[in-house]
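What follows is a set of notes on a single structure, which appears directly below.
The values are calculated or read from the model by the stated rules, or taken from the named source; none is laboratory data. Treat the numbers as computed from the prediction; the structure is a model and nothing was measured. Cβ placement follows ideal geometry from the backbone for every residue including glycine, while neighbour counts extend to all protein chains displayed.
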C-alpha cells in the first residue's frame, strides 16, 4: 500500500490541486454506535443472505432508534476492524474466482479496501429496546457498527443500475449457502 501512497504524493506534487483543496490524508475518527452479534467468527466470501444477526446499539443511544421498527430494511454501516492494513489490496479477484477478471478493490465489495468500511442493506426483523434483529448482514461477530440508516425504496433503489457481465453471471448463479 506504501507505493500507492507514494504515487498519490507524487501526483499531487507534480500536478498540484489546481485551485481545489487536496484530498485530506489524516485519519478520521468515528465512535461505534454498536456491535454485531451472530456467532460467525471468520470472514467468508458468501453465505450471508439468510444469516440472522443482532445489532446491539449502545444503551445511551436508545432514543435514537425511535421509529426504526417502521422500516422493513435498513442500511448498516460497519468497520472491517479485523483486516490488517498489510492485507489491503489495490486489485482483487472477486470471491477469489479465477473466472472473474481482476478488479480495482474499489470496484468490488471486498473488505481489503484502503478505508475498511462496509455497508449492507439488511431486513429488519424486529427491535427489542437497543437490539435490532436483522437478516443478511455480512459482518462477523464483534464487528463495530458505525451507523444505521433507513432504506427508502423511492430514493435508494436504482431500477436502471448497470453492473459488469461477470457480476450478472454471478447473480444468475444465485446465492451460495452458508458454509
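So, in region 40-68, exactly how many residues are farther than 30 Å from residue 97 by Cα and either surrounded by 14 or more Cβ atoms within 10 Å (Cβ to Cβ) or modelled with pLDDT under 95 (or both)? Result for region 40-68: 7. Summed over region 87-109, residues that are more than 17 Å from the chain's Cα centre (by Cα) and farther than 20 Å from residue 4 by Cα total 6. Among the residues of region 31-46, those identified as part of a loop (DSSP other than H, G, I, E, B) and more than 15 Å from the chain's Cα centre (by Cα) are 31, 33, 38, 39, 40, 41, 42. For region 12-39, the set of residues classified as modelled with pLDDT under 75 and either surrounded by 10 or more Cβ atoms within 10 Å (Cβ to Cβ) or on the phi < 0 side of the Ramachandran plot (or both) consists of 12, 13, 14, 15, 16, 17, 20, 21, listed by residue number.
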